[in-house]
């Protein structure tokens, strides 16, 4: 299988050729030339598989240039009860992603049983093992550059710490994550981990990663790769749990379901979109945002209008405090009939030139957010319905109420992002469809808001007690690409 760029001006490459990189040379994101189709007979067989075997079945359709025995070994090493147990020794640990029933037709798919207590572990643990495998084959090294709004960073660092030939440079918005999220990242003392707190919002950090990725000479010299959701391997790994959740919530492959997905960068729900395109019977994909509702606005109005840092809110579901959704470009590529020229046109409007952008390291014009595109008067607006998306948003008071209601009615404690997903999912679901809400993280990562909602602190795994009091190591930096490049250069041996 070959992969092409959403912007249409990069050569097709294999899975391993794009594995260690991020953006395509033309600035686009990689997608398969065509989505592999899953037959009814395959679905019948897959329904009975363990998580690791299901992951092998799904990923074999995408990583076709990795020998089957090697891929199976990597996956078997990744998806184990030991890695996804949180210290538990019950049957749920063996399930990897157990399905929790709240009420008839309403479920939560538990995705936060990995080492950093967030759904990002589901893909990141695999990515760490894939990277180590590929680098070993090439006798090469990789310097990972990423940006996080809360959970990607810790998941990446825990997956990559101690890996041969890998260094991680992770950008996060200074002071904008929860105390637990900061502690998970900044307390790591591994010499191959570098935390950089950017004085700005997540979107500023994400812009810096993209700017470095688009400097092809620097990227090549310092062997820069990425683990953000622009990395295709992460998205492909996330496809697996949509199949697993579907099988757990249904009795036959004749049924359809709705998935509700808390979304900031569009990576998680993008995997659901691809699963549906492959043939998984998903009747509805429900996108839930917090107060930063750029994606909800698009699905309601047809206008994609990213906001700048000054108009991005700090909320109690901070991992979704994002106003420019990188993976959205992958969906738009499918929406416009895989027309790279149309994607370039749309993102040319979004990335309108503006003078004096401090991210550029230049005194003159550089791409910054501020533009938008509108599909309302095009055939794309009518085509949107065939992808079965619904959307809605949630506020701080909404998530407090949802956390309380779920705790009081079901005795289940959920985190703030999962609360957003459940609130919007219950509002938007078609009554005939079972609703599966994707869990985002364990409540302990957002203890302050849980305390506000329930008057009590959430439990946490014993191994993570007192993590906030460990020594922390972090470099604080302005949102300046020149300074970032200098920091990377100073910490990469030549």
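Taking the criterion of being in a helix (DSSP H, G or I) and either without any contact (Cβ under 8 Å) to a residue 60 or more places away in the chain or closer than 19 Å to residue 306 by Cα (or both), the residues of the range 385-396 that qualify are 385, 386. If you go through the range 161-173 and pick out every residue that is more than 20 Å from residue 265 (Cα to Cα) and either buried (at least 24 other Cβ atoms within 10 Å of the Cβ) or modelled with pLDDT of 90 or more (or both), you end up with 4. Within the range 247-257, is even one residue in a helix (DSSP H, G or I), in contact with a helix residue (DSSP H, G or I) (Cβ under 9 Å, 6 or more places away or on another chain) and in contact (Cβ under 8 Å) with a residue 40 or more places away in the chain? Checking the range 247-257: at least one residue is in a helix (DSSP H, G or I), in contact with a helix residue (DSSP H, G or I) (Cβ under 9 Å, 6 or more places away or on another chain) and in contact (Cβ under 8 Å) with a residue 40 or more places away in the chain. Kindly indicate whether any position in the range 370-382 is modelled with pLDDT of 95 or more, in a helix (DSSP H, G or I) and surrounded by 14 or more Cβ atoms within 10 Å (Cβ to Cβ). There is at least one residue in the range 370-382 that is modelled with pLDDT of 95 or more, in a helix (DSSP H, G or I) and surrounded by 14 or more Cβ atoms within 10 Å (Cβ to Cβ).
For the range 44-160, the strands (runs of 3 or more DSSP E) that sit wholly inside it and include 1 or more residues that are surrounded by fewer than 19 Cβ atoms within 10 Å (Cβ to Cβ) and either on the phi > 0 side of the Ramachandran plot or without any contact (Cβ under 8 Å) to a residue 24 or more places away in the chain (or both) are 99-103. Would the range 478-486 turn up any residue that is free of Cβ contacts under 8 Å to residues at least 60 places away in the same chain and in a loop (DSSP other than H, G, I, E, B)? Checked the range 478-486: no residue is free of Cβ contacts under 8 Å to residues at least 60 places away in the same chain and in a loop (DSSP other than H, G, I, E, B).
Give the residues of the range 217-246 that are within 22 Å of residue 318 (Cα to Cα) and assigned to a helix (DSSP H, G or I), sorted by residue number. 234, 235, 238, listed by residue number. Against the list (1) touching a residue at least 60 places away in the same chain (Cβ under 8 Å); (2) crowded, with 19+ Cβ neighbours inside 10 Å, the condition residue 489 fails is (2). Among the candidates 486, 453, 490, 463, the residue that is closer than 24 Å to residue 96 by Cα and either out of contact with any helix residue (DSSP H, G or I) (no Cβ under 8 Å at 6 or more places or on another chain) or at pLDDT 95 or above (or both) is uniquely 463. For the range 400-425, the tally of residues that are crowded, with 17+ Cβ neighbours inside 10 Å, assigned to a helix (DSSP H, G or I) and either without any contact (Cβ under 8 Å) to a residue 40 or more places away in the chain or over 21 Å from the mean Cα position of the chain (by Cα) (or both) stands at 5. For the criterion of being under 14 Å from the mean Cα position of the chain (by Cα), at negative phi and in contact (Cβ under 8 Å) with a residue 12 or more places away in the chain, residue 269 passes. Of the listed requirements (1) closer than 26 Å to residue 270 by Cβ; (2) free of Cβ contacts under 8 Å to residues at least 40 places away in the same chain; (3) not in a helix (DSSP H, G or I), residue 176 misses just one: (2). Restricting attention to the range 1-25, the residues that are under 26 Å from residue 336 (Cα atoms), crowded, with 17+ Cβ neighbours inside 10 Å and either modelled with pLDDT of 95 or more or in contact with a strand residue (DSSP E or B) (Cβ under 8 Å, 6 or more places away or on another chain) (or both) total 13.
The values are calculated or read from the model by the stated rules, or taken from the named source; none is laboratory data. A quick note: this is a predicted structure, and the numbers were derived from the prediction, not measured. Cβ atoms come from the backbone with ideal geometry, glycine included; neighbour counts cover every protein chain shown.
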